[in-house]
Amino acid sequence: MRFLDSGADNAKLHRFSDRMRTVEGRSSRRTRNRPMNIFADFSQKFKKAIEASEFQTKDGDALDLSAIGSEPPRDPAHGDIACNAALVLAKRIGAKPRDIAIRIAAELASDPDVETAEIAGPGFLNVRISQAYRNRALGSILEAGADYGRATLGGGRKINVEYVSANPTGPMHVGHCRGAVFGDALASLLDFAGYDVTREYYINDAGVQVDVLARSAFLRYREALGEEIGPIPEGLYPGDYLVPVGAALARDHGDKLLSQPEETWLPIVRDRTIDAMMDMIRGDLASVNVTHDVFFSERSLSRPDANRVSGAIDALRNRDLIYQGTLPPPKGQLPEDWEDREQTLFRSTDFGDDVDRALLKSDGSYTYFASDIAYHYDKYLRGFNEMIDVLGADHGGYVKRMQAAVTAMTGGEGTLDVKLCQLVKLFRGGVAVTMSKRSGNLVTLREVVDEVGRDAVRFMMLYRKNDAPLDFDFQKVTEQSRDNPVFYVQYGHARAQSVFRQAVEDMPDLDVSLAALQAADLSRLSDSGEMALIGRLLQWPRLVESAAAAHEPHRIAFYLFDLASDLHSQWSRGKDDPHLRFIKADDPELTVARLALIRAVAFVIASGLGILGVVAPDEMR
């Protein structure tokens, strides 16, 4: 394996903690009590209530309650927690769901943490938690600080997230940007959920496209030596980003390369150009705070001294998963256009693919698919049973074949999830933007970042599910309004900090340290808006786990918008009703309780933005 990034392990250890905000009074996770998780707690309460009801299966056996859990109700007006245990168990028990729910609700009624347990529809249980439980939960958030919501879902398991992996043939464009930000945020989310994450970039430095790149750079080399090259020939890369590469080649080699045959100068120019392109790509990625632990070279798979492509194919052949045969013509292709020849094929249909796949071209060289098999086999041999590939939407046909290959190569031990990122359409005030002076084709990542800033780019790339098209309007993402989600969420954190600055100004003798907030009398919080904020905060741990399990970081962005909206709404209510203001100079005890709630909101917003790689500002102008 070729590691192109020195110090990668050290960067990996420190990257996430560097992104997170330093929080006043933050103590070691090793010594702090684990924060409360309302849904985990009440899943256990539901199970105990079922056990206390002494239900049995129709055959008199004990019930398997492992699948019983809890979730937020679809309508918040119905309560804090919902459970469909009665519906799940009805068939096994042989009773009506509603009758089962009645008995479970009766058991829950005696729990001091339950305010009400109501039955809806055919047997859904909707629970409202007690004020005392709510206060204890808020206290645990203040105790945990920025670590609130960290999960143990991953259990320290190794997982490889490969993202970007663009051909090193030019600067990153906005299409690459979405996959880069998505993969980076997903890696941070998995880290927050307890996985041992490795971020990887697969350098496509083999094949025809890099030879075309080298010839394009050689043309710029001739230009640097004073030759008039005229218009860039069709088929070569026209962007001016290759001009510095040509100049560097002229500086290092003079005119010596001109007298050499192509087979001599091509590898020299190719290696120098790929290095230059990767330096540029790293810089482009750094502009949106995207880094990788490993840069893996495709060419390294086929080194003469250790050909891992042939090794992977041999491993499949030893399992009788390779054979010589023919393939039917692709759908829609006329028979006379089809080359019916015997090929070396992988039995991918045995593992869910639509058709068996060729591993060798007609000239005897390996197909791209064969190299992809070897690459993922290498990941497995490095200890990654869990792998994620983040690819562009045009790779949809890649999914089944690679999942089949990973299952086959690993004997079912390995899993591969392929996340496809749909296209990004750029607009400026509703008018489409398509061209770039620098690349000669698409708008570059740098151009977008330079115009609107890193935070706007990252947040908006994550404010849609990855497989949904995304419209990015330069004008809208710089507006200071609720219609601009990144501004709205960042302003939520800045507003929370401004409340503390105002409290110090208005009540200089008031102790607003974290210790004082942790000791606040939270029973003073009773307004419906305050309860809504606490309820939203209590959803955070479950939201982290579900987003990590589904590999969907956009859920974090959506949640943060809702949390910020709740905060802004409560602030606005206080503007209209003085009794609801966060700072009550005539009631220090209530003020400290409300500041404790605001601090908890700030903790969660900062943590969520940290996962997304977006700054949580203390003030905005």
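A short reminder: the numbers here are calculations on the coordinates, not readings from a lab. Predicted model, so just to flag it, every value in this text is computed and none were measured. In this analysis, Cβ positions are derived from the backbone assuming ideal geometry, glycine residues included, and neighbour counts consider all displayed protein chains.
Viscosity 1.002 mPa s, temperature 20 °C: give me the Stokes-Einstein translational D for the range 69-110 in µm²/s, with Rh taken as the Kirkwood radius over C-alpha pairs.
So the translational diffusion coefficient is about 193 µm²/s.
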>> Taking loop as defined by DSSP and a crowding limit of 12 other beta carbons within 10 Å, which chymotrypsin sites (Phe, Trp or Tyr not before Pro) in the range 435-532 fit?
In response: none
> Under a no-solvent Debye model with one identical scatterer per Cα of the chain, what's log10 I(q)/I(0) at q = 0.10 Å⁻¹?
Replying inline: -1.03
>> Just to verify a number: FRET efficiency for D467 and L236, C-beta to C-beta distance, R0 = 25 Å, to 0.05?
In response: 0.15
>> 7 Å from Cα along Cα→Cβ at both D587 and D279: what's the point-to-point distance in nm?
In response: 6.4
> Relative to the longest principal Cα axis of the chain, at what angle does helix 398-409 sit, 0 to 90 degrees, rounded to 10?
Replying inline: 90
> When the Debye formula is applied to the Cα atoms of the range 424-478, each taken as the same point scatterer, what base-10 log of I(q)/I(0) results at q = 0.13, 0.24 Å⁻¹?
Replying inline: -0.30, -1.03
> How large is the helix-only mean residue ellipticity at 222 nm for the chain, computed as the sum of -39500 (n - 2.57) over DSSP H runs with n ≥ 4, divided by its residue count, in deg cm²/dmol to the nearest 500?
Replying inline: -15000 deg cm²/dmol
>> Net charge around A82, counting only other residues with Cβ within less than 9 Å of its Cβ (Lys, Arg = +1; Asp, Glu = -1)?
In response: -1
> Relative to the longest principal axis of the chain, what angle (0 to 90°, nearest 10) does the C-alpha long axis of helix 554-576 take?
Replying inline: 40
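What Kirkwood hydrodynamic radius do you get for the range 83-234 when you take the inverse of the mean 1/r over all pairs of distinct Cα atoms, in Å?
Final number for the Kirkwood radius of the range 83-234 is 22.0 Å.
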>> How large are Rg and Dmax for the range 466-621 when calculated on the C-alpha trace, in angstrom?
In response: 16.4, 53
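Around P588, under 10 Å between beta carbons, what's the net of Lys plus Arg minus Asp minus Glu among the other residues? Intermediate results must be reported in sequence, preceding the final value.
Details: positive: K584; negative: D509, D511, D586, D587, E589.
Taking every other residue near P588 into account, the sum is -4.
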>> If I model the range 515-554 as equal point scatterers sitting on the Cα atoms and use the Debye formula, what is log10 I(q)/I(0) at q = 0.16, 0.22, 0.23, 0.30 Å⁻¹?
In response: -0.59, -0.77, -0.79, -0.97
> What is the P(r) of the range 313-404, as percent of Cα-Cα pairs per 10 Å bin from 0?
Replying inline: 14, 45, 33, 8, 1
>> If I stretch the segment between K158 and F427 completely, what's the gain in nm (0.36 nm per residue apart, minus their alpha carbon distance), one decimal?
In response: 92.9 nm
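Counting only GluC sites (Glu not before Pro) that sit in a DSSP loop (anything but H, G, I, E, B) with at most 13 other Cβ atoms within 10 Å, what is the longest stretch of the chain containing none of them?
Between the exposed loop sites, the longest stretch runs 55-226.
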>> To check you understand DSSP bridge types, tell me what percent of the beta bridges within the chain (both residues inside) are antiparallel, rounded to 5.
In response: 50
>> Under the 0.36 nm per residue contour assumption, what length would be gained going from the current alpha-carbon distance of A247 and D305 to full extension?
In response: 17.5 nm
>> With angles folded into 0 to 90 degrees, how steeply does helix 528-538 sit against the dominant principal axis of the chain? Use alpha carbons for both and round to 10.
In response: 50
> By how many nm would the segment from A393 to S66 grow when fully extended, if each residue of separation counts as 0.36 nm and the alpha-carbon distance is taken off?
Replying inline: 114.0 nm
> At S513 and R621, where each label point lies 7 Å from the Cα along Cα→Cβ, what is the point-to-point distance in nanometres?
Replying inline: 3.2
> So, counting K/R as plus one and D/E as minus one, what does the shell of residues with Cβ under 10 Å around K58 add up to?
Replying inline: 0
>> Loop-only trypsin sites (Lys or Arg not before Pro) in the range 431-532, please: DSSP not H, G, I, E or B, and at most 13 other Cβ atoms within 10 Å.
In response: K437, R482
> Over the chain, what relative contact order in percent results from Cα pairs under 8 Å that are six or more residues apart?
Replying inline: 16
>> Over the range 38-133, what portion of Cα pair distances is larger than 16 Å, expressed as a whole percent?
In response: 50
